[in-house]
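This report concerns only the one structure given below.
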Amino acid sequence: MIDRQRLGSWIQAQHLDEEALARYRASFTSHPARVVVIQDFLVPQIAERLSRFLATEAEFKAEYGLYSVEGAVSEDVWRKAKDEDRFFKIGKLVGTPPQFQTSPNALTYIQFRMTFQRPELRAFFEAVTGTPLGPSDDFGAHSMTADSLLRPHSDDNKNRQLALVIYLTPGWKPEYGGTLRVVHTDGAFTDVEPTYNSIIAFDVLSAPAHLVSPVRPEPTGPKAQLSIGGWYHRVA
């Protein structure tokens, strides 16, 4: 049973009734890679505050990764590596400048982080997926720009079960790139556009790989694809 009163502060009401949950669950369980996408997910004011925090207040730092090395590497090591070994380059939220630390937007982000780890939100995703989930301590915000990179990989590590991404760049268009491609076990795939205030959830055990297409912002459009994401772990 989900706690609609608590969740209603964050998630739009139309996603919390039993009919909607059953529809999402059917979509998730019937998908070959166990994927579900929900549009207009967060309460508008929450989405706006999170978006403003990421776009104008948060501090991001590039993080680099290689297929041949577990974990992040230095920029120097990444640039000296062969191109085929380069796995990712992505902006990772590393802090908030002092002048923004008590802003309404920053406080909303902190509260959302705490909510993500609370049992009420986990129960919502258990209802959406029909899958028992363990707790999450795996949560963060990311920025992808024209020089970012996220190549094919699996999230089946660290005992992860369910991956989540919430997209928070208003006005993002398909031609700007940044599409998430979730690969099925038979080699087919599902492409998910990073539409503002949408969320994708997918089972990392059913999707052998995923990647993000290059970001190609236009001069008059948004410069970065901003998102919040994380994982729920398997039940011990």
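The values are calculated or read from the model by the stated rules, or taken from the named source; none is laboratory data. Worth saying up front: this structure is predicted, and the values here are computed from it rather than measured. Cβ placement follows ideal geometry from the backbone for every residue including glycine, while neighbour counts extend to all protein chains displayed. Accessible surface is based on the protein model in full, side chains and every heavy atom, while ligands, DNA and RNA are left aside. Shrake-Rupley method; radii C 1.70, N 1.55, O 1.52, S 1.80 Å.
Electrostatic bookkeeping for SER103 treats Lys and Arg as +1 and Asp and Glu as -1; over the other residues with beta carbon under 10 Å from its beta carbon, the sum is +1. Relative contact order for the chain: 25 percent, from Cα pairs under 8 Å spaced at least 6 residues apart, divided by residue count. The portion of the accessible surface of the chain made up by carbon and sulfur, rounded to a whole percent, is 53 (1.4 Å probe; DNA, RNA and ligands excluded). For a label point 7 angstrom out from the Cα of SER154 toward its Cβ, which stretches of the stretch 172-215 have the backbone nitrogen within less than 20 Å? Counting backbone N atoms under 20 Å from the label point, the list is 181-191, 201-212. The convex hull built on the alpha-carbon positions of the stretch 1-82 has an orientation-averaged projected area of 9.2 nm².
Rounded to the nearest whole Hz, the Karplus-based 3J(HN,Hα) values (6.51 cos²θ - 1.76 cosθ + 1.60, θ = phi - 60°) of the stretch 198-203 follow the sequence 10, 10, 10, 10, 9, 7, with x at glycine and proline.
Shape of the stretch 108-236 from the C-alpha gyration tensor: oblate (a/c of 1.5 or more and a/b not above b/c, with a ≥ b ≥ c the square roots of its eigenvalues).
Taking a ≥ b ≥ c as the square roots of the Cα gyration tensor eigenvalues, the stretch 16-57 comes out oblate, since a/c reaches at least 1.5 and a/b does not exceed b/c.
Here the label points at ARG6 and GLN117, each 7 Å from Cα along the C-beta direction, are separated by 1.5 nm in the simple model. With helices as the sole contributors, the chain gives -7000 deg cm²/dmol at 222 nm; each DSSP H run of n ≥ 4 counts as -39500 (n - 2.57), and the sum is divided by every residue. Cross-link partners of LYS89 among aspartates and glutamates, defined as those whose alpha carbon lies under 17 angstrom from its own and excluding same-chain residues fewer than eight positions apart: GLU59, GLU63, GLU70, GLU75, ASP76, ASP147, ASP155.
Its residues counted as N, the stretch 68-135 yields a C-alpha radius of gyration over 2.2 N^0.38 Å of 1.68. For ARG181 and LEU205, a Förster radius of 22 Å and the Cβ-Cβ distance give a FRET efficiency of 0.80, rounded to the nearest 0.05. With all protein chains kept in place, the per residue accessible area of the chain amounts to 48 square angstrom at a probe of 1.4 angstrom. Pairs exceeding 26 Å between alpha-carbon atoms, taken from LYS80/LYS158; LYS61/LYS173; LYS80/LYS173: LYS80/LYS158; LYS80/LYS173. Given the choices (i) 63, 45, 28; (ii) 52, 48, 36; (iii) 45, 39, 37, Cα extents along the principal axes in Å derived from the coordinates of this structure is entry (ii). Overall, the chain carries a charge dipole of about 240 debye about its Cα centre when +1 sits on the Cβ of Lys and Arg and -1 on the Cβ of Asp and Glu, all other atoms neutral.
A simple spin-label model places the labels of TYR67 and HIS233 2.9 nm from each other, with each point 7 Å out along Cα-to-Cβ. Fully extending the segment from GLU59 to ASP191 would add 44.6 nm, taking 0.36 nm per residue of separation and subtracting the current Cα-Cα distance.
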